[in-house]
Amino acid sequence: MAKPKTRKSLQVFDEELRQFHMQGQWGVEELLVRSIGGPRPKGKPFLWKWETVYSKLLEACEVLPESFTARRSLLFANPGLPGHGSTHTLLMGIQMIKPGEVAWAHRHTMAAIRFVIQGDGKAYTAVDGEICPMENNDLILTPQWTWHDHHNPTDKGTLWLDALDVPLIIGLNVPFYEPYPGNQVQVLREKPGDYLQRRTAAARPTWEAAKKESFPLCYRWKDIEPQLRALAERPGSPYDGVSLEYVNPMTGGPTLPTLSCWIQLLKPGERTRRHRHTSSAMYFVVRGQGATTVEETSLEWGERDSFVIPNWAWHEHKNRSKIEEAILFSINDIPVMNAFGLYREEPENSLHTTNAPQVPAPSQVNG
Ligand code: 1HN
């Protein structure tokens, strides 16, 4: 008599598949089920106090007396993403170069922005040979694969915020890096702003191929601040106050293909409405005092503090002053989300109005 055939258990079968470097979809299903209602925020809400950052920067000047190819930038490591970045796509830090110092040129596929914290307009970053003077609150772009070095010919330390798309580029496994030949300073153009002005203004040379995204654009605070002020009395966004996105004039889009920069003003006493979105952001407090509540964590901020809002985390901002406005600079990965149709935003309380099935209650039907 033939022995009854015993059915192989799923567990044994899964193990067999593993030996052949295969996996059943049912193993992935769990991941999908966990995503009902959206992703879990990646990383933790966290705040870095300026006092600590600045004192560590001064120490870094002693323990790393010369920077050359490496940068004296203290990076914000999200406590929920060890070794990965400030958010899952962005890396932010504060850099300092000492009087007389030059950080030699290099280039990489990571794109960067600099937001100046302490600069008198004589220190500068050079991008593809273009001299970009650094003055307080100026924004300078270092698009991917452009040569860049930093120069401080003044007698005071120069400080700025670095923000890059490092975790995204590493995640996509497309990092390329090159030090400038001979580990040197790049050949600089003579007149600051000249090259840029002739190529990004209303007319450009016809004998050069038109470029779009790799210009070392500089956004001067003296131009941005009046724009922000001019809109200060408007209601702005209920979620972000009077918030402006820096525009790349060559594309009409965000500053860079992978990251966007915002400047936002919160009126005295203003409290924004809670929402969440699939993009993540890093913030730097330009002016003012307040709190940003991210999920259950209240991040109490003051001037020059930095903080992180992980993606898909509920958050709201509050300006704690009844008299002074607050100004926040931030970077986000919205362009990446938009590029793939993955940007989603959810305002508080919308779950009940948009996602839930609209079934009228029996009393409503009858009455
Ligand atoms: C970088 O190249 C700079 O050039 C600053 O100033 C910070 C952080 C990670 C990777 C590259 C710079 C950086 C960086």
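Just so it is clear, none of the values below were taken in a lab; they were calculated from the coordinates. It should be emphasised that the depicted structure is a prediction, and the values quoted were computed from it without experimental measurement. Quick reminder, even Gly has a Cβ in these numbers, built from the backbone with ideal geometry, and neighbours come from all protein chains shown.
Semi-axes of the equivalent ellipsoid of the chain: what are they in whole Å, largest first, if each equals the square root of 5 times a C-alpha gyration tensor eigenvalue?
After scaling each eigenvalue by five and taking roots: 41, 30, 21 Å.
In straight Cα distance, which aspartates and glutamates are under 13 Å from Lys49, not counting same-chain residues fewer than 8 positions off?
Reachable aspartates and glutamates: Glu300, Glu303, Asp305.
Using Cα springs under 10 Å in a Gaussian network model of the chain, which residue among Asn152, Asn349, Asn338 shows the largest mean-square fluctuation?
Asn349
Could you list, bin by bin from short to long, the percent of Cα-Cα pairs of segment 40-89 in 10 Å steps?
Spelled out per bin, shortest first, that is 23, 40, 31, 6, 0.
Could you list Val116, Val53 so that the one with the fewest beta carbons within 10 Å of its beta carbon is first and the one with the most is last?
Arranged by neighbour count, lowest to highest, Val116, Val53 become Val53, Val116.
Work out, in µm²/s and without decimals, the Stokes-Einstein translational diffusion coefficient of segment 261-345 at 37 °C, 0.692 mPa s, Rh from Kirkwood over C-alpha pairs.
252
Using only helices, what value at 222 nm comes out for the chain when you add -39,500 (n - 2.57) per DSSP H run of length 4 or more and divide by the total residues, to the nearest 500 deg cm²/dmol?
Rounded to the nearest 500, it is -5000 deg cm²/dmol.
Compare the Cα positions of Gln23, Pro45, Leu10 along the charge dipole of segment 1-52 (+1 at Cβ of Lys, Arg; -1 at Cβ of Asp, Glu; about the Cα centre) and return the one farthest towards the positive end.
In segment 1-52, that residue is Leu10.
Would you look at the GNM of the chain, springs on alpha carbons closer than 10 Å, and say which of Ile140, Ile224, Ile117 moves the most?
The residue that fluctuates most here is Ile224.
For Asp333, Asp162, which order do you get if you count the other beta carbons within 10 Å of each Cβ and list the fewest first?
Asp162, Asp333
Please tell me which of these pairs span more than 30 angstrom C-alpha to C-alpha: Lys222/Lys318; Lys156/Lys318; Lys156/Lys191; Lys191/Lys211; Lys44/Lys98?
Distance filter (> 30 Å) returns Lys156/Lys318; Lys44/Lys98.
Indicate the helices, whole DSSP H runs only, in the chain that combine a mean Kyte-Doolittle hydropathy of -0.5 or more with a Cα extent along their long axis of 30 angstrom or more.
Result, helices passing both filters: zero.
Connecting C-alpha atoms closer than 10 Å in a GNM of the chain, tell me which of Gly341, Gly182, Gly24 has the biggest fluctuation.
In the Gaussian network model the winner is Gly24.
Report the rotationally averaged projected area of segment 87-148 based on its alpha-carbon convex hull, in square nanometres.
4.4
Placing one identical point scatterer on every Cα of segment 1-133 and ignoring solvent, what is log10 I(q)/I(0) from the Debye formula at q = 0.15, 0.17, 0.22 Å⁻¹?
Those come out to -0.90, -1.06, -1.47, one per q.
When the Debye formula is applied to the Cα atoms of segment 106-245, each taken as the same point scatterer, what base-10 log of I(q)/I(0) results at q = 0.10 Å⁻¹?
Those come out to -0.41, one per q.
Among Thr200, Thr206, rank each residue by its count of other Cβ atoms within 10 Å, from fewest to most, as a rough exposure measure.
Ascending Cβ contact count within 10 Å gives the list Thr206, Thr200.
Across the Cα atoms of segment 198-259, what radius of gyration and what greatest pairwise Cα-Cα distance (Dmax) are found, in Å?
14.9, 47
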